[in-house]
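J.: Okay, here's the structure, questions in a sec.
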Amino acid sequence: MTTETKMRDDIAKPAKSMFYRGMTVGSSGNISVRMDDGWLMTPTGSSFGDLDPARLSLLGPQGELLGGDKPTKETFLHQAMYAMRPGSGAVIHLHSTHSVAVSCLAEIDPANVLPQSPPTTS
C-alpha cells in the first residue's frame, strides 16, 4: 500500500523533472493522483519547478478541499477524466510550449508528430 506521503513525493519528483526539461513553464500544468478516499492535486498557481509536496491539495471523493492549498482551477477537468476512465490512477495535464506550437501546424500528421521520448525522473 502506498502512503500519502509517498504519493505526494511521487507527484513532486516527476513534476520537477518535467519543468527542468522544458515540458512546462511558469505555473502552467497540473497533476492529480487518485487515492482510495479522494485524490491529491497540484495547487493553483504552483510551479512544477518548486512544488512543495506538503502543500499539495488533498481533495475528497467529490472534489472538496480537505487540506493543503487551494487546488488548480482545472479540478473539474481532472474529475471529468477520472469519471470517463475509472481505472486511471493519475492525470498529468500540460500546456507544453512545444506541443502547443506543433498543434497549430496545419500540415502536421497526428499519427507522427514527435518521436517518443522515454520519461526520466532526474
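J.: For helix 75-84, report the angle its Cα long axis makes with the longest principal axis of the Cα atoms of the chain; keep it between 0 and 90° and round to the nearest 10°.
T.: 80
J.: Then there's this: Between the helical axis of 4-20 and the dominant principal axis of the chain, each derived from Cα atoms, what acute angle in degrees is found, rounded to the nearest 10?
T.: Value to nearest ten degrees: 20.
J.: Moving on to the next point. For the range 62-89, list residues with backbone N below 13 Å from a point placed 7 Å from the Cα of residue 6 toward its Cβ?
T.: Correct set: none at all.
J.: Moving on to the next point. Calculate the spin-label point distance for residue 102 paired with residue 73, positioning each point 7 Å from the Cα along the beta-carbon direction, and give it in nanometres.
T.: Placing both labels 7 Å beyond Cα along the Cβ direction yields 2.8 nm.
J.: Which order do the peptides 28-35, 84-91, 11-18 take when ranked by the mean count of other beta-carbon atoms within 10 Å per residue, highest first?
T.: 28-35, 11-18, 84-91
J.: Now for a separate question. Grab the DSSP H runs of the chain that are 4 residues or longer, score each as -39,500 (n - 2.57), total them, divide by all residues and round the 222 nm result to the nearest 500 deg cm²/dmol.
T.: -8500 deg cm²/dmol
J.: Run the reach check for residue 70 against lysines, Cα to Cα strictly under 18 Å, same-chain hits fewer than 8 apart removed. What comes back?
T.: Hits, sequence-local ones excluded: zero.
Bear in mind that the values in this text are calculations on the coordinates, not laboratory data. Here the structure is a predicted model, which is why all the values come from computation and not from measurement. Methodologically, a virtual Cβ is constructed for each residue, glycine included, from the backbone with ideal geometry; neighbour enumeration extends over all protein chains shown.
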